[in-house]
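The values are calculated or read from the model by the stated rules, or taken from the named source; none is laboratory data. In this text the structure is predicted, and so the values were computed from the model without any measurement. In this analysis, Cβ positions are derived from the backbone assuming ideal geometry, glycine residues included, and neighbour counts consider all displayed protein chains. For the accessible areas, the whole protein counts, side chains as well, though only heavy atoms, and no ligand, DNA or RNA atoms are used. Shrake-Rupley method; radii C 1.70, N 1.55, O 1.52, S 1.80 Å.
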Amino acid sequence: MMKRIAAFIVAAAAAGCVFTGCQPKKKEIKSEKITQQESASYEDALKECFKAMQYEGGGEIFYSYMYPNETIEAMKKNGEYDKLVKSFNESQSDVLKSRDVKYEFSGIKTSKELSEKQVAGVKKYLVELSEPYLSTLTEDRLDVKEGYETTYEYLKDNKTTAIETVIVFKLNDEGWKVITQ
């Protein structure tokens, strides 16, 4: 189990590096704390998830887009959630302090509805992701109500830096979730 947790933390840090460039430069970074998911559409969800990775204190919102609510509740119950959020926030804080540029969400380039095969893959992914914290979660308890494979771009210094593809979907009655690469 510790290996899975460690692997997850490394993966989260790597995801953060993808969005931040991980270039060591010193400059004061203005922070903005994000703690609550507020998206009404998949476009808003994607923007908000991206933003959570660009400001200090975005761990709670990042994980709210990453995990089913039931898994987060299990993490809280077993004492893992606060540790994961703290680790994410500390890692992001270090990355943000080491760079002198700000990345900005530029917009969605393409979007297509998820196929049945992709929806099945999303459910399988969430069950596997949740397993270390909630081994009782099964695919039949997950209802993907709406979902999209979306490509978006983000900017650094007002120039296109990267184009990313993600899966954005509405889960159960929880709101939007995002699977990043």
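Of all residues in segment 59-79, at least one satisfies being without any contact (Cβ under 8 Å) to a residue 60 or more places away in the chain, within 18 Å of Thr180 (Cα to Cα), touching a Lys or Arg at 6+ places or on another chain (Cβ under 8 Å) and not β-branched (Val, Ile, Thr). Can you pull out every residue in segment 62-80 that is over 25 Å from Tyr42 (Cα atoms) and either surrounded by 20 or more Cβ atoms within 10 Å (Cβ to Cβ) or of a type in the set (S, T, N, Q) (or both)? Of everything in segment 62-80, those that are over 25 Å from Tyr42 (Cα atoms) and either surrounded by 20 or more Cβ atoms within 10 Å (Cβ to Cβ) or of a type in the set (S, T, N, Q) (or both) turn out to be Ala74, Met75, Asn78. With respect to Val168, determine if the residue is closer than 22 Å to Ala40 by Cα, assigned to a helix (DSSP H, G or I) and of a type in the set (A, V, I, L, M). No, not satisfied. Cβ-Cβ under 8 Å, sequence separation 6+ or interchain: first residue in segment 99-124 and part of a loop (DSSP other than H, G, I, E, B), partner at pLDDT 95 or above. Which pairs? Note: pairs meeting the criteria are Leu114/Val122; Leu114/Val144; Leu114/Gly147; Leu114/Tyr148; Leu114/Glu149; Leu114/Ile167; Leu114/Phe169. When we screen Leu126, Leu84, Leu142, Leu171 for residues that are of a type in the set (A, V, I, L, M, F, W, C) and more than 16 Å from the chain's Cα centre (by Cα), the only hit is Leu142.
Scanning segment 145-163 for residues that are among the acidic types (Asp, Glu), over 10 Å from Glu104 (Cα atoms) and surrounded by fewer than 17 Cβ atoms within 10 Å (Cβ to Cβ) turns up just one, Glu146. The number of residues in segment 57-81 being closer than 25 Å to Thr150 by Cβ and either in a helix (DSSP H, G or I) or over 17 Å from the mean Cα position of the chain (by Cα) (or both) comes to 12.
Any idea how many residues of segment 30-56 are in a helix (DSSP H, G or I) and either open to solvent by less than 70 Å² (accessible area, probe 1.4 Å) or at pLDDT 90 or above (or both)?
Narrowing segment 30-56 to residues in a helix (DSSP H, G or I): 42-52.
Filter once more, keeping what is either open to solvent by less than 70 Å² (accessible area, probe 1.4 Å) or at pLDDT 90 or above (or both): 42-50, 52.
Total satisfying the criteria: 10.
Flag: Ser93 matches the condition of being more than 20 Å from Gln181 (Cβ to Cβ), part of a helix (DSSP H, G or I), open to solvent by less than 20 Å² (accessible area, probe 1.4 Å) and among the polar types (S, T, N, Q). Only a single item in (1) closer than 22 Å to Glu48 by Cα; (2) open to solvent by less than 20 Å² (accessible area, probe 1.4 Å); (3) aliphatic (A, V, I, L, M) is not met by Ile108, and it is number (2). Taken over segment 97-123, the criterion of being farther than 21 Å from Thr151 by Cβ and at pLDDT 95 or above is satisfied by Ala120, Lys123. Within segment 125-135, which residues are open to solvent by less than 50 Å² (accessible area, probe 1.4 Å) and outside any loop (DSSP other than H, G, I, E, B)? Hits for segment 125-135 are Leu126, Val127, Leu129, Ser130.
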